[in-house]
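Enquirer: Below: one structure in structure tokens.
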Amino acid sequence: MMVANSMRRVLRYCGLCLLLTQLGGCAVGYYWQAGAGQMRIMRGQQPVDKLLQADELSPDERQRLELSQEALNFAHDVMLLPDNGSYRSYFDTGERYVVWNVFAAPELSLEPLTWCFPVAGCIAYRGYFHKDKAQKFADKLALANNDVFVGGVTAYSTLGRLKDPLLNTMLGMPEPDFVGLLFHELAHQRLYVQDDSAFNEGFATAVEREGMRRWRLDHGGTGASGQHFIHDQEQQVLELLRATRAQLTDVYAADMDDTQKRAEKTRLLANLEEEYQRLVAAWETAGLDARPYAGLFARGFNNASLSAVATYDDYVPAFEMVLRNCNYGIECYYTRAEALGSLDAEARDASMREIMQLATADSR
């Protein structure tokens, strides 16, 4: 979302962290930290073209900034993504992450808590420019019997309301993730539907993947085989997470007391960890080095992090099917996605579920 590979879309760039657009409906303290953080970035950013003319850049910084401008031109010319000046400037936050997002879900439910704001609508997380403030808010939610998850964010989008800058937090990403991030965030500027984080993330991730497919072809296909294996590994983990969520959903809806539900929750989450380790062992046997979602498994899953993954990944197969049905024509894909986005919430949800069923059947 406007949310970064192991849980890349949640930890690396939970992309759609709409701090600017959240301001109108927030309490004074939240309004102040969000406004001050955004203003600091707006005032401190520098044009990339001027930085590239200076001598102060390290070789790695120069390479990444040059790459970013090449990727932006590709995004505008080939992927037909908005060209509004975003990512033509740069800001060094001095930190590893630019913001921290707080996700939460009730102890015995996978339905995420949401917060509603002007422009952005209702979204399934709340962002802070300071980690301690994010943790304080998470602790407050935990005291109210919620599962919580706090993740550092590499980049966020203001949906084209401002010219979003490149950030130092983005430059250290592996090259495919860095280029893909730019495609992903610009996709949010192309299409964004209020109150539907799963739709927005599925759309943008499909754009990112198609953009990277075309980018690799344009650059000689370097790394395509490796990316195929990583994608397969990610899908294995996502299937495991979906199965666990389905089992937990049944438990939470079952006719049993809360003590029994908590015991079943503990058992299922322990089983999730065991199944993941079986996947890791199989990958090792196959000589595969990537460990998708290892960071999240190291922290341990709960309802909040499971819901976060669902937000960022569940609709991706549906959007990829829409793209396939367009014979990978990007204008056709945008037109059909926009038509889905224009439906009312109930009709859109029904349409997405129908496409998901077809995509699931098609993959078997």
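The values are calculated or read from the model by the stated rules, or taken from the named source; none is laboratory data. On a predicted model such as this, the values are computed, not experimentally measured, just so you know. In this analysis, Cβ positions are derived from the backbone assuming ideal geometry, glycine residues included, and neighbour counts consider all displayed protein chains.
Enquirer: Considering each of 149, 178, 199 in turn, give the residue that is within 30 Å of residue 342 (Cβ to Cβ), of a type in the set (A, V, I, L, M, F, W, C) and assigned by TED's automatic domain parsing to the domain that holds residue 101. Steps first, answer last, please.
Expert: Details: 149 fails: within 30 Å of residue 342 (Cβ to Cβ); 178 fails: within 30 Å of residue 342 (Cβ to Cβ).
Among 149, 178, 199, only 199 is within 30 Å of residue 342 (Cβ to Cβ), of a type in the set (A, V, I, L, M, F, W, C) and assigned by TED's automatic domain parsing to the domain that holds residue 101.
Enquirer: Mind listing whichever residues of region 62-71 are in contact with a helix residue (DSSP H, G or I) (Cβ under 6 Å, 6 or more places away or on another chain) and either at positive phi or of a type in the set (A, V, I, L, M) (or both)?
Expert: Within region 62-71, 65, 71 meet the criteria.
Enquirer: So in region 242-291, with the set limited to residues that are out of contact with any helix residue (DSSP H, G or I) (no Cβ under 9 Å at 6 or more places or on another chain) and of a type in the set (Ser, Thr, Tyr), which one is farthest from residue 310 (Cα to Cα)?
Expert: 285
Enquirer: For region 103-125, how many residues meet the condition of being at pLDDT below 90, surrounded by 16 or more Cβ atoms within 10 Å (Cβ to Cβ) and in contact with a strand residue (DSSP E or B) (Cβ under 6 Å, 6 or more places away or on another chain)?
Expert: Qualifying residue count, region 103-125: 2.
Enquirer: Quick one: in region 340-364, which of the residues that are of a type in the set (D, E, K, R) and touching a helix residue (DSSP H, G or I) at 6+ places or on another chain (Cβ under 7 Å) is surrounded by the fewest Cβ atoms within 10 Å (Cβ to Cβ)?
Expert: Taking the candidates together, the pick is 362.
Enquirer: Would you please name the residue that is surrounded by the fewest Cβ atoms within 10 Å (Cβ to Cβ), looking only at residues in region 310-339 that are in contact with a helix residue (DSSP H, G or I) (Cβ under 6 Å, 6 or more places away or on another chain) and among the hydrophobic types (A, V, I, L, M, F, W, C)?
Expert: 326
Enquirer: Exactly one condition in (1) touching a Ser or Thr at 6+ places or on another chain (Cβ under 9 Å); (2) surrounded by 18 or more Cβ atoms within 10 Å (Cβ to Cβ); (3) part of a strand (DSSP E or B) is not met by residue 100; state its number.
Expert: So the condition that residue 100 fails would be (1).
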